[in-house]
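> Encoded as structure tokens, here's the structure I'll be asking about.
Each value in this text was obtained by applying a stated rule to the coordinates, not by laboratory testing. For clarity, every value in this text was computed on a predicted model and none was experimentally measured. In this analysis, Cβ positions are derived from the backbone assuming ideal geometry, glycine residues included, and neighbour counts consider all displayed protein chains.
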Amino acid sequence: MPPPNLRRRHTLADAAIALLAEEGAHGLTHRAVEARAGVPAGTATNYARNREALLVAAAERVLELHLADMATATAPADETHPATRRTTDTHDLAEILAASLWTAATDLRDRYLAIFELQLEARRRPALAAVLARLNTTALTATTELHNETGTPVPETAIPVLVTLYSGTLFTLVTLPADLLDREQVHALAQAMARGALTGSETQTPPAETEPGHLTAGERTGRKADAAPPPGNPPQNRPPRTP
């Protein structure tokens, strides 16, 4: 069990993430975080002296959660589970992407909304941008490793293309009203993404800097992770221990 100060820090950061998702960056204040976390007035200031520190704390918490999800994704898998099969064609990849997108847009909706808010704020805040850069680099590395491990049909040079397509699609889905989400539409988008990534591998690839929509452990198999799965992490067909 974490020490009280770390537990309190997590509580405040989780409250900040929830506020970012619900109210946007403009709704993130010390008083709002304290009210959401159910702690006495002045508590948040002890952990984050100003508003930028609150944003950085939320980003660091997202990074921490994503690292935990990636550790789950790379844990030994149950080889008897059908999801452990190697992904050898576009259809298989589309199925994994569809399951991942659905999980990200439903179970992980708040986390991704918060990430998009943080990315916009990071354009004007170097300290926040540095944390998100660590998140993007770590997620892209994990994506590449898992693609190589599971044998997806997307070559390594095209993974940035897939990440870009995934990020844009995820932004569209999480910003839709929840009741407008449709599984068939998500599946059609995933098929287009899989084809687009393969087509993109034959042309120039974009910069390696990635957006928040990396596939997570729970997302990659369409199963819920014990703790919410990464700015999505990389797609893979190994089941988590349950992005």
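> Could you list, ordered by first residue, the pairs with Cβ atoms under 7 Å in which the first is in the range 47-72 and outside any helix (DSSP H, G or I) and the second is hydrophobic (A, V, I, L, M, F, W, C), at least 6 apart or interchain?
Ala48/Leu54; Ala48/Ala57
> I've got another one for you. Hey, can you tell me all the residues within the range 47-74 that are closer than 14 Å to Gln119 by Cα and of a type in the set (Asp, Glu)?
Glu52, Glu60
> From the residues in the range 99-157 that are among the hydroxyl-bearing types (Ser, Thr, Tyr) and within 25 Å of Ala16 (Cα to Cα), which one is surrounded by the most Cβ atoms within 10 Å (Cβ to Cβ)?
Among those that are among the hydroxyl-bearing types (Ser, Thr, Tyr) and within 25 Å of Ala16 (Cα to Cα), it is Ser100.
> Can you report the number of residues in the range 145-204 which are closer than 24 Å to Ile115 by Cα, hydroxyl-bearing (Ser, Thr, Tyr) and not in a helix (DSSP H, G or I)?
Within the range 145-204, residues that are closer than 24 Å to Ile115 by Cα, hydroxyl-bearing (Ser, Thr, Tyr) and not in a helix (DSSP H, G or I) number 1.
> Mind counting the residues in the range 19-38 that are surrounded by fewer than 19 Cβ atoms within 10 Å (Cβ to Cβ) and touching a Ser or Thr at 6+ places or on another chain (Cβ under 7 Å)?
Residues meeting the conditions: 1.
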